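The values are calculated or read from the model by the stated rules, or taken from the named source; none is laboratory data. Because the structure is a prediction, the values reported are computed rather than measured. Positions of Cβ are backbone-derived with ideal geometry, glycine not excepted, and every protein chain shown enters the neighbour counts. The protein model used for the area step is the full one, side chains on, heavy atoms only, and it has no ligands, DNA or RNA in it. Shrake-Rupley method; radii C 1.70, N 1.55, O 1.52, S 1.80 Å.
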Amino acid sequence: MSTSKNYFLTIAISIYAVFWIALAIHPLDRGDWLLENLLIFISVTVLVVTYRRFRFSNLSYALILIFLAFHTIGAHYTYAKVPAGFWLQHWFHLSRNHYDRVIHFAFGFLLLYPMNELLIRSGRVKENWAPWLAAAALWALSSFFEIIEAVVAMIVRPDLGAAYLGTQGDMWDAQKDMACAFVGALLITAWLTVVRGMRSAPN
């Protein structure tokens, strides 16, 4: 990926790279860390390979990197043991560490705008439909990732299943994760719809 003419992207990627390297040192569970980082490796590979054909806006790249940074933290500690999740658990008197829920919410909340941009610019989708289709796409991706996570855990490291999936004893964990992603996506969808309506309203 050549970012020589985009100083913002160059700086943003450099900051994330340093952050990733720092958290790659002595993770809580190296096996779980490797599994969690499959998402990062795949995402970065796709963005690099497609960069010449499709370039997101700087805002979209920033949102993507923020999401990956949150995921990097989860990979370092394992999702069930992230300190920020324990802080939330203590402050709100929750029964478990909800950092995984925060990340699934962020998946929809942070990636809706990039997906919306992709559909409008590459898929030629009309602006009034794009946010809703983007929300549906992210919900589908969230469901797909839950299935892939389970399959990867069973094939690669069955002994890491609980840590990797982060269920923490909740039999409805996957459904709740998908719901969080959908709610996050719907919030940004509603915001984009309102902003578009305000722009198109007569003065």
Next on the checklist: On the basis of being of a type in the set (A, V, I, L, M, F, W, C) and within 26 Å of ARG101 (Cβ to Cβ), does VAL18 make the cut?
Outcome noted: no
Checklist entry - Are any residues in segment 64-106 open to solvent by less than 30 Å² (accessible area, probe 1.4 Å), assigned to a loop (DSSP other than H, G, I, E, B) and not hydroxyl-bearing (Ser, Thr, Tyr), and if so, which ones? => result VAL82, ARG96, ASN97
Next on the checklist: Checking the condition in a helix (DSSP H, G or I), at pLDDT 80 or above and open to solvent by 80 Å² or more (accessible area, probe 1.4 Å), which residue from PHE144, PHE182 passes?
Outcome noted: PHE144
Next on the checklist: So, in segment 1-53, how many residues would count as being open to solvent by 40 Å² or more (accessible area, probe 1.4 Å) and either of a type in the set (Ser, Thr, Tyr) or part of a loop (DSSP other than H, G, I, E, B) (or both)?
Outcome noted: 15
Item to check | Set PHE54, PHE107: member being under 19 Å from GLU146 (Cβ atoms), of a type outside the set (A, V, I, L, M) and touching a helix residue (DSSP H, G or I) at 6+ places or on another chain (Cβ under 9 Å) | outcome: PHE107
